[in-house]
Structures are given as structure tokens and as C-alpha cells.
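Comments concern the structure below.
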Amino acid sequence: MSRVKIGIIGCLGRMGKALTAVVLDHDNAELIGATEAVGNEFIGTLIIHPLTGVQSNIIITTDTDELIKNADVVLDFTCPTATVGHAMIASKTETSLIVGTTGLSTADEDVLREAAKSTSIVYASNYSTGVNLMFHLTKIAATVLDEDFDIEIVEMHHRDKVDAPSGTALSIGKSAAAGRDKGLDEIKESGRDGISEPRKRGDIGFASLRGGNVSGEHTVSFNADDERIEITHKAGDRAIFAKGALRAALWIKGQKNGLYDISDVLGL
């Protein structure tokens, strides 16, 4: 099996470093390039394995266009504005794209769908196997438990995360809403503050916590008068997301053009 040529955009961020480590360590993957934003002090230096400190022969550049053109698959966990631009480039070069960027708007997602007509894209809010099983279990629970069970979703992340609720929390909410044959936008409730109206039957509530260096914790609870059911996932290390993204990158090579999610990769 020939190794998959992989490029990483935003290689020095939290996720970028985790992605770099798993790609460098995998026998079936070859890191062929990595980029960072203009002005980063490490532009022009060689990539160093984030865990072992071993120096590679890959120079960090700002040339995202060249990276996308030369790679089989590009990993993008950056920001919505950047990701949309990368998807448009990837559609022209027919380079596969693994997107883990959160906070994308409906319009941004429409750009991914359009780009996926010309290439293959995996787009997911969370690449953890355990979290994606959580989505599946949440939908089942919401299907079985009627609206006597109020649904609340609580998530916690590191102090620097800027979008709330997290993309994963929203995906949990979408799974719960789907279990009740609803769209999340119809029944989403977030940002309670001060004196508010009583909770509406059937709504899905969200709460976001930020602090420390928490990689990600999510709980969905189903609350009736005399019982509560909770499904929780706690991430101890970003490596679990990076491993899932690499799994998607190895899977997507050879797939038909289209927009996929992690459930396609996992066969759920």
C-alpha cells in the first residue's frame, strides 16, 4: 500500500501539533507539507515532532495553495473563514479535505457542499470514536424517551475556545432532536440568565463552561420527574481527535466525490 500524502494547515496550534504527531508516527501516512499563518515566528523552520523532539525535513511555510496542490489529503482544523477558502482551492485541485473546524455557519457549510461536488470532503465536529458513538446513543435515547424527559447538554473546554456551544455539543443536540423528529433550530435553548420563563416542554438546553486546558467534556442528560439518564464523554488528550482525523484521511483516499461525516468513516 502506497503511503497517503498528507498536508496539515495550521500545524503549530493545539490540534495542529496533535495531527503532526500522529501523521509522522503512522506507517501508511507521509507528511509532505505544513503551513502556518503569515507572521508566525516559526515560518521557514523545520517541523519538529511535538512529542519526541525529532526534527523532520518538512519546512513550515505560508503557501497553502501549494500544499493543497501537492497533497492527497489535507487536514484543516483552523477557523471558518480560512476553511471555506481552503475548500474552494481543494475543489479546483481535486484534493481530499478533512475538516474539523468548528463554528461554521450554514453558509460556510453550503460552500463545503459545493466544493464536495468536485472532491471528497469529511466534515465533522468531533473525530473521536467515542464521541460519535455518543451521537448514536443520544439519538436512540431521544427516540425511546418522550418529552416527559427534558434534554440538557453541558460542555466544557479550555479557556481559549471561542465558539459556544461547542460544535460537538451542537452535534449531540442535532442527534437528540433527530430522535424526536425535530430540527435543532426549532427547540434549541441556550444562554439562560436572570429571571426567565419556565422551561418549555420539548426544548433542548445548552450550557457552556470554559477553563484550564480541558480538551473536551460533554454530557447529555434526560431528566424526568423521578429519574435521570446521562451519557458522558471526557477527552483526556487531543490525540484521540487527531487519530480519528488520520483514520478519516486514510479512508477517504479513493472515495467518490461528496461530503461525508465521521459516521461514514466508522460505518455507523
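The values are calculated or read from the model by the stated rules, or taken from the named source; none is laboratory data. Predicted model, so just to flag it, every value in this text is computed and none were measured. Virtual Cβ from ideal backbone geometry, glycine too; neighbours counted across all protein chains shown.
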>> Looking at the structure I just gave you, is I204 closer than 18 Å to L133 by Cβ, of a type outside the set (G, A, S) and more than 17 Å from the chain's Cα centre (by Cα)?
In response: no
Query raised in the report: If you check G167 against the conditions, is it closer than 16 Å to L209 by Cβ, of a type outside the set (D, E, K, R) and at pLDDT below 95?
Result: yes
Picked from the range 85-107 (must be more than 17 Å from the chain's Cα centre (by Cα) and of a type in the set (S, T, Y)), the residue nearest to R14 (Cα to Cα) is T95
The correct count of residues that are within 22 Å of the chain's Cα centre (by Cα), assigned to a loop (DSSP other than H, G, I, E, B) and without any contact (Cβ under 8 Å) to a residue 40 or more places away in the chain in the range 24-50 is 3
Among helices (runs of 4 or more DSSP H) entirely within the range 168-268, at least 3 residues that are in the same structural domain as S105 (by TED's automatic domain parsing) and touching a Leu at 6+ places or on another chain (Cβ under 7 Å) occur in 239-252
Expected single match for among the small types (G, A, S), within 16 Å of the chain's Cα centre (by Cα), over 17 Å from K243 (Cα atoms) and at pLDDT 95 or above among A82, A116 is A82
Only unsatisfied item for D110, checking (1) farther than 20 Å from R14 by Cα; (2) not assigned by TED's automatic domain parsing to the domain that holds G85, is (2)
Matching residues in the range 175-191 (within 19 Å of S105 (Cβ to Cβ) and without any contact (Cβ under 8 Å) to a residue 24 or more places away in the chain) number 6
Log entry, pairs with first residue in the range 57-82 being assigned to a loop (DSSP other than H, G, I, E, B) and surrounded by 15 or more Cβ atoms within 10 Å (Cβ to Cβ), second being among the basic types (K, R) and modelled with pLDDT of 95 or more, beta carbons closer than 6 Å, six or more apart or on different chains, reads A71/K5; D72/K5
Of those in the range 25-42 that are closer than 26 Å to N213 by Cα and either acidic (D, E) or in contact with a strand residue (DSSP E or B) (Cβ under 6 Å, 6 or more places away or on another chain) (or both), the residue surrounded by the fewest Cβ atoms within 10 Å (Cβ to Cβ) is E41
Within the range 115-168, restricting to residues that are within 14 Å of E230 (Cα to Cα) and small (G, A, S), the one that is surrounded by the most Cβ atoms within 10 Å (Cβ to Cβ) is A142
| query | Going by the conditions given, is A21 of a type in the set (A, V, I, L, M), assigned to a helix (DSSP H, G or I) and free of Cβ contacts under 8 Å to residues at least 12 places away in the same chain? | reply | no
